[in-house]
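I have placed the structure first, in the form of structure tokens, so that the comments after it can refer back to it.
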Amino acid sequence: MEISDQLRCLFSAPVEERGDSYVVEVPEQEIRLGDLQQGETYRVAVLSSPSSDDTSNTETRPERERGPPKPPVEEGEQRTVEIEGIGDQGDGITRVERGFVVIVPDTEQGERVTVEISDVLENVAFADVVERVSYYD
């Protein structure tokens, strides 16, 4: 399956019946920590859950008991990224798989850098610049 670069968040949620409609609730943390804004309109894709006889799913607990997916980065990992924007505190912001946010101090929007992940939280990681990369490399 191909995942679009436009992906802003990824979560699992049940479809609930409410009157004449069906509702999928967006977790509060996706608004608080993610790239979603209350009142905005977004495209939503619905994917089936792995079935209990899916051998590629090594977890045996139901999705709702597993919690959020693990961050797609680890401390000490190095990546070459492009700084997509500047946050409120003046730090560079980039996104990696699943729209996961990585904050990189001392960078500018549009700059390409190799970073080393220094700290990983549930919904965001922090990285330090290892090398500034030319676009021609």
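Does GLU65 meet the test of being farther than 30 Å from TYR135 by Cα and either at pLDDT 75 or above or loosely packed, with under 10 Cβ neighbours inside 10 Å (or both)? Considered against the rule, which asks whether it is farther than 30 Å from TYR135 by Cα and either at pLDDT 75 or above or loosely packed, with under 10 Cβ neighbours inside 10 Å (or both), GLU65 comes out as yes. For segment 89-114, enumerate the residues that are within 21 Å of CYS9 (Cβ to Cβ) and assigned to a loop (DSSP other than H, G, I, E, B). ASP91, VAL96, PHE100 - these are the residues of segment 89-114 that are within 21 Å of CYS9 (Cβ to Cβ) and assigned to a loop (DSSP other than H, G, I, E, B).
For segment 97-117, filtering for residues that are surrounded by 13 or more Cβ atoms within 10 Å (Cβ to Cβ) and in contact with a strand residue (DSSP E or B) (Cβ under 6 Å, 6 or more places away or on another chain) leaves 11.
The values are calculated or read from the model by the stated rules, or taken from the named source; none is laboratory data. Please read these numbers as outputs of a predicted model, since none were measured by experiment. Here the Cβ is made from the backbone with ideal geometry for all residues, glycine too, and neighbour counts use every protein chain on show.
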